[in-house]
Structures are given as structure tokens and as C-alpha cells.
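Rule-based calculations on the coordinates, nothing more; no lab input. Note that this is a predicted model, so its numbers are computed, not measured. So basically every Cβ, Gly included, is an ideal-geometry build from the backbone, and we count neighbours across all protein chains shown.
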Amino acid sequence: MKLWIFMSLVIIAIIVGGLFLQQSILKTTDRISRTLDLIQDAVRNNQWQEALALRDKVDHEWRLQENRWTPLIHNHELNTVTIHLARLKSFLASEDESSALAEIAEMRLKLIQLHEQEILTLENIF
Amino acid sequence: MAGVFLMLITLARTFFLYILVVITMRLMGKRQIAQLEPFELVITIMIAELAVIPMQDRNIPLINGIIAILTLLFIQVTFSVLSLHSMNFRSFLDGRYSVIVANGVIQEQEMRKARYNLDELLEQLRQRSIFDLADVEFAILETSGELSVLPKSQSRPVTPGDLKLETEYEGLPLVLVMDGQVMSSELRKSQLSEAWLRSELEKHGIKSPSDVLIASLNTRGELYLQAKES
């Protein structure tokens, strides 16, 4: 019975941890998506320096979260966002509007997927 | 250099998961594979499989395997607790035993229900040193797949009770020294001291317990001794 109580506590800790992770992903992806909107506006207005500065802000925040999430989320999912960020930097530096906008759209979609994958839904279970 | 680190990471992950699986198995209780109930066997196989996946693939976070293993352990412990308190749950989980031979007659319907054939019955009887079906009074197929057999009274080995013979009490012999190490708890159980043990060893020409491979004391007070090969 002692073991059962201990294991119940472990399972409760896992559930709480899972909910906390889900919230953390939701908040971060929301924040990054909002900044991506700003980068998109800056690109459309040809404000490349501002777009680069905003990208660096996203990059900084992403690196922080990536380190926290690496032990919890499949590495491939996290690497994809990191790659998108690197490509976005080069498109912004070369002032390539269409490629930069495409990269932003792809990255936004990836962030939505990242969040959706961590939600407890029937779709994800099955 | 990166290759070396990759190997070290795999080594560390394997080491960690091995320890986790060993602890999990220990917490699940002492059973041999052949004695596992169906649900225990399923959980055991799943735990082994779950440990291997993150061991091989570095991209899968270790926590995924750990959570799955801990969840299975929780399910197993929960089912064990429920089985302990509810007979209905126990029979749902483990199934019911089947009486394959009753009063010397093979129960065909029970055999069909258990999908158990005559070859299997004869094989399991032979494994119990029963070669003639006519010697079997009852045979019960347990939920673990083991066959329990009650031979006919005329075919059972004769016991002292059958011959109305008085026998002496026989308890478990106590192992006092094993691999040169004195088992202090066993000595205490038998209310003997290490000084007594040493004097007994000296009588047999052994200077120290560290020279003893095994020493045990039976309920008649006889000491069995075997010294280590020098």
C-alpha cells in the first residue's frame, strides 16, 4: 500500500508537470507568434534592421526555452524551429522579402504544431 | 571527439535505464517469468521494450521512457492492490483456474474452454514425473499456465504418515558462514555467538571463518562445514 501511495504521488507529479509544460509551451509560442507578427510587419515595410533586431529577440527567448524543453520534448521538433530561425536571419540579412515571409509562415505553423502536440486530446492519444 | 561524447551519452542513458528497469522489476515483486500472471507478463515485456527505445534513439527524451515505465509500474501496483481486495477483480485480471481432470476423468469441455490440448496435458504430466493418466485423480490448470496434479491415493509416494511412523521435527538449516562471511543475523536467531562458531571451526582445524566456504547448522544441532580450497 505504501508503494501504491508513493506511485500515486509520482503520477500526480507527472500530471502536474505535464500541465505546467503545456502552459509553458502555450505562453512561449504565443509570445513568439506575436513577435513574428511584428517581424512580418517590419519586413512588409522594408524595415530590415528592426526585423533583424526582433528576430534576435525571438532567438534569445527560443534558446532559453529550448534548453528547458530539451529533456522533455522530442529533439527533432525543437531543432526544426531553431533551423527556421537561422534561415530567417539569413533572409532578413539579404533583404529577401518573399523568402522571409515564407519562413515566418512556416515557423508560425511549426509553433502551433508544437503546442498542439503537447495538448491532451483524443487525437494526440490515438 | 563528438563521436566519443555520443558513445558516452548512449552509455549513460543505457546505465540509467537499466537501473530504472531493475528497480521497477524489484518493486513489482519476486516472480519468475514462468510464474507471471498474464497481465504481469504483458507489463514486463512492455517495460523492457520501453527502456530500449530511448536507449537507442538519442533524439527521444529520456523522460518519455521514464514516464511510460513509471506509469506501467503504477498500473501494475494498482492492479495488485485491487486484486488483493477484490476476488472479482482478481478473476477478471488473472482468469480462473480450469479443472482439466476431475475424479480421474478428463474434462473435455474445460479443455476446450482453456484451449488446452491433450499433448500439452501429457507433457506437463510427464514434467511432474507422471507418465500414466490413470494415476491422476485431479489436474488443475492454474492461471499462470502451470499444471497442479493430485495423483490417485494408490499412486502417491508413501509418506511416514501412511506408515504411521513418528518423525522428528525438521526445520530450516541456518547458514552461519557463507563465502567466508559470518551471518550474524542467523547466529542471533539460533542464540549462538561468534565465539562458539570459532571454537567449532577450530575443532575442525579451521582457524578463521574467512577460510570457510559454507557452514550451516541443522535443527538437530549438526554443523555442516566445507572449507575453501586453498
Response to the item:
Output for the range B:181-228: GluC sites (Glu not before Pro) sitting in coil per DSSP, at most 13 other Cβ within 10 Å, listed by number, reads B:Glu222
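What chymotrypsin sites (Phe, Trp or Tyr not before Pro) does the range B:167-227 have in DSSP loop regions with at most 16 other beta carbons within 10 Å? Walk me through the numbers before you get to the answer.
Details: sites: B:Tyr169, B:Trp196, B:Tyr224; in loops: B:Tyr169.
Those that pass, being in a loop and sparsely packed, are B:Tyr169.
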Worksheet item: So which of B:Lys164/B:Lys189; B:Lys164/B:Lys203; A:Lys89/A:Lys110 end up more than 28 Å apart by C-alpha?
Response: B:Lys164/B:Lys189; B:Lys164/B:Lys203
Worksheet item: What is the distance, in nm, between label points placed 7 Å from the Cα along the Cα-to-Cβ direction at A:Glu77 and at A:Glu95?
Response: 3.9 nm
Fill in: Rough spin-label spacing in nm, given labels placed 7 Å along Cα→Cβ, for B:Thr219 and B:Ile53
5.2 nm
Practice prompt. Send over the per residue convex hull volume for chain B, Cα only, as a whole number of Å³.
Written response: 264 Å³
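How big is the shadow of the Cα convex hull of the range A:1-118, averaged over all directions, in nm²?
Working: hull surface 29.2 nm².
Taking the Cα atoms of the range A:1-118, their convex hull projects to 7.3 nm² on average.
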Worksheet item: Sorted from fewest to most neighbouring beta carbons within 10 Å, what does the list A:Val43, B:Val105 look like?
Response: B:Val105, A:Val43
Discussion item. Limiting things to C-alpha atoms, what are the Rg and the maximum Cα-Cα separation (Dmax) for the range B:98-151, in angstroms?
Written reply: 9.7, 26
Worksheet item: Counting pairs of alpha carbon atoms under 8 Å apart in space and at least six apart in sequence, what relative contact order in percent does chain B give?
Response: 12 percent
Worksheet item: Which whole-Hz ³J(HN,Hα) couplings does the range A:98-113 yield from phi under the Karplus relation 6.51 cos²θ - 1.76 cosθ + 1.60, θ = phi - 60°, glycine and proline marked x?
Response: 5, 5, 5, 5, 5, 5, 5, 4, 5, 5, 4, 5, 5, 5, 5, 4
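Count, for each residue of B:53-64, the Cβ atoms from other chains sitting within 10 Å of its Cβ, then give me the mean as a whole number.
Values: counts 0, 0, 0, 0, 2, 1, 6, 3, 8, 2, 6, 4.
Partner-chain Cβ atoms within 10 Å, mean over residues of B:53-64: 3.
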Worksheet item: What percentages, rounded to whole numbers, describe P(r) for the protein assembly as shown computed over all alpha carbon pairs with 20 Å bin width beginning at zero?
Response: 18, 31, 30, 15, 6, 0
